[in-house]
Amino acid sequence: MVRRVPSKQRNAVVLRERDRDALKRLGLLLACGLVIACGFVYAGGQHFAALRLGYQTEKLRSVRVELTEEQHRLLLEREAAASPLRLERAARKLGMQPLQAAQIDPLKGFVNNSTNKALQSSERSSESQSGSTRVSAPAGTKAQLNRKTPK
């Protein structure tokens, strides 16, 4: 066997020199590790938030589709309720009757006797309130012109 260290050397006196920059390097290494670890935690949080928002988006899309279908159904229902046949049946239930030929006056337009009386009474009340002369429009129209009498 070969002896590598001679026995006459004094190793006890040899002191190792301290590396003063080692603590700085370890601190820098620790700080970089913490920054990288925080980055991974942040990226993980963003990933799970994106997944959660994706699920919420899918739920909202399905709700939108359901609401669109319901809107379409309600529009069809409204159209069916406003159909002329259904309106005619509802009017008959209320006691209304279709217009008869005797109610139409071709010279004065599409006005029956009770409507004509109501128009005349409203004309009288408006004349007494405004103090102006009313000139009636051509027969068959409801439009009337307000004109003051010339002085």
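Every number in this text was worked out from the coordinates using simple rules, so none of it is lab data. Everything numeric here is computed off the predicted structure, so don't read it as measured data. In this analysis, Cβ positions are derived from the backbone assuming ideal geometry, glycine residues included, and neighbour counts consider all displayed protein chains.
Karplus-based coupling profile of the stretch 48-63, in residue order and whole Hz: 5, 5, 5, 5, 4, 5, x, 5, 5, 4, 5, 4, 5, 5, 5, 5, with θ = phi - 60° in 6.51 cos²θ - 1.76 cosθ + 1.60 and x standing for Gly or Pro. Inter-label distance, residue 15 to residue 101: 13.6 nm, where each label sits 7 Å from its Cα along the C-beta direction. Annotation: amide H of residue 105 within the under-5 Å range of 111, sequence separation 5 or more or interchain, hydrogens built in the peptide plane.
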